[in-house]
Amino acid sequence: NSGVVSLLRPLLLDVVPSVRQTAALGLGRLADYNVDLAEAVVKAGILPQLVCSLPEENRYYKKTAAFVLRAIAKHSPQLAQAVVQCGALEALVICLEDFDPGVKEGASWAFDYIARHSPELSQAVVDAGAVPLLVLCIQEPEIALKRIAASTLSDISKHSPELAQTVVDAGAIAHLAQMIPNPDAKLKRQVLSALSQIAKHSLDLAELVVEAEIFPVVLTCLKDSDEYVKKNGATLIREIAKHSPELSQFIVNSGGVAAVIDCIGSCRGTVRLPGIMMLGYVAAHSENLSMAVIVSKGIPPLCACLIEEHEDHIKAAAAWALGQIGRHTAEHAHHVAGANVLPTLLDIYVDTRSSEDLKMKASIFAKKALKNILQKCTHLPALEPLLHDAPPTIMKHIIGQFSKVLPHDSKARRLFVTTGGLKKVQEIKAEPGSLLQEYINAINNCYPEEIVR
């Protein structure tokens, strides 16, 4: 408000280097504070002036100038575009080739804040020739430089398969994979994130990541003391597992499913989410892979997530994963139903206290999971309690299963009467000629008429 931005601008051309540098630092701190101040710095016409003198300046000024560019670019795609339009990318590429690691680090930060916004801005970073230099940066000895270079490669890769392929073609995967065992937690977070962003796009890219021999070393990340390392490690395994039964089988053979199950059991909150999703993806591929999740004792921790977690999206993911495990055969459904999951799923589905968001997410997945499991479930003791609470949309599936099993199981028929199941069936109002009415008739036909009456 006092007009300081316009007063600082001429100082960027001062004959004294420390004045130039300090003026730039002041502008950077103003721009970093909020989007309005960043826009004010851009409108004052400072960027072209800052950029054109950059190649001739000393390393201190270069670091500060990179900070100004990053401070402006971070706020929005529009401001990042303004940085690109003033020719900053070419100047920043020169900084990436500087002998000073601090200058390289500053340039990497600026590239990261530009690339993260959109595919178009990421493409501009790629077109400027930054990617091969960033791959060289992750090979430098300085940990801080490795971290931000890995983060930038992650943000470039995330937008599209084509951008991820550019990072792969520069030879990034092998160098990233070698850093997974690094003791620095912040570096590990970025390395795992970058590999995840590459692997997520396609089967081919996921296979390239696996071929870099990340297994079994990536499984150690699931036991890391850093929560983000755990989460990013599980995310990487999830992004690989989702693509094909063969990759999921490879993960199972490497001990990956058991390691993820242990991870889910040992942590709470959103750290669990990628592991939950990974189990669902593996189980969805085939009967054998679903059975591998069951044999590895994957159902109890997923049930625990339904009960312990308060976040809607975590409950939704757990419900979805259980539905994927139970949908294949009667044996799969039996394992899920035997863990007493069905009443919990039903509670989530009918809970009137749930938020609208929960109705949209967890209740939908709970309903789908119930349907998936019920279509195969012959575990009558688990189905029995649902008869007394289930809403009409689920009731049809439950009655359908009883109509299949009761005609062939005399013990089940006796139990069905003594537990009040048959009485409950008589109370159900079904449309004449409907599928539900057919199911009820099939159940009633299992008994003498006087018992039904």
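Treating r as the C-beta distance of SER410 and GLU450 and R0 as 22 Å, the FRET efficiency rounds to 0.75.
To test your reading of the geometry: what angle, between 0 and 90 degrees and rounded to tens, separates the Cα axis of helix 299-308 from the longest principal axis of the chain? Approximately 70 degrees, to the nearest 10.
Scalar couplings 3J(HN,Hα) for the range 267-274, obtained by applying the Karplus form with A = 6.51, B = -1.76, C = 1.60 to θ = phi - 60°, are 9, 9, x, 5, 4, 6, 4, x Hz; x denotes Gly and Pro.
Specify the inter-centroid distance of the range 290-330 and the range 164-201, based on alpha-carbon positions, in whole Å. Between the Cα centre of the range 290-330 and that of the range 164-201, the gap is 29 Å.
Using only the Cα atoms of the chain, each taken as one equal point scatterer with no solvent, compute I(q) by the Debye sum, divide by I(0), and report log10 of the ratio at q = 0.06, 0.09 Å⁻¹. Here log10 of I(q) over I(0) equals -0.39, -0.71. Counting only alpha carbon atoms, the long axis of helix 101-115 and the longest principal axis of the chain meet at about 50°.
Expressed in Å, the radius of gyration and Dmax of the Cα atoms of the range 253-401 are 14.2, 44.
By how many degrees, between 0 and 90 and to the nearest 10, does the Cα long axis of helix 341-350 differ from the longest principal axis of the chain? Its long axis makes an angle of about 70 degrees.
Please list 221-227, 278-284, 393-399 highest first by mean number of surrounding beta-carbon atoms within 10 Å per residue. Provide the component values of the computation, followed by the final result.
Working: 221-227: 16.6, 278-284: 27.0, 393-399: 19.6.
Output ranking for 221-227, 278-284, 393-399: 278-284, 393-399, 221-227.
Candidate cross-link partners of LYS411 among the aspartates and glutamates, defined by an alpha-carbon separation under 16 Å and a same-chain spacing of 8 or more, comprise GLU384.
Could you work out [θ]222 nm for the chain from helices alone, using -39500 (n - 2.57) per DSSP H run of at least four and dividing by all its residues? Round to the nearest 500 deg cm²/dmol. Provide the component values of the computation, followed by the final result.
Values: 32 runs with 325 residues, N = 453.
Computed ellipticity for the chain at 222 nm equals -21000 deg cm²/dmol.
As a fraction of the 1.4 Å probe accessible area of the chain, surface on carbon and sulfur atoms comes out at 53 percent. Per residue, the accessible area of the chain comes to 44 Å² when a 1.4 Å probe rolls over the protein heavy atoms.
If the viscosity is 1.002 mPa s and the temperature 20 °C, what Stokes-Einstein diffusion coefficient in µm²/s follows for the range 1-128 when Rh is the Kirkwood radius over Cα pairs?
Values: Rh = 14.2 Å.
Rounded, D is 151 µm²/s.
The values are calculated or read from the model by the stated rules, or taken from the named source; none is laboratory data. Remember, predicted model here, so these are calculated numbers, not experimental data. Every residue, glycine as well, gets a Cβ built from its backbone with ideal geometry; the counts of neighbours run over all protein chains shown. Only protein heavy atoms, including side chains, enter the accessible area calculation; ligands, DNA and RNA are left aside. Shrake-Rupley method; radii C 1.70, N 1.55, O 1.52, S 1.80 Å.
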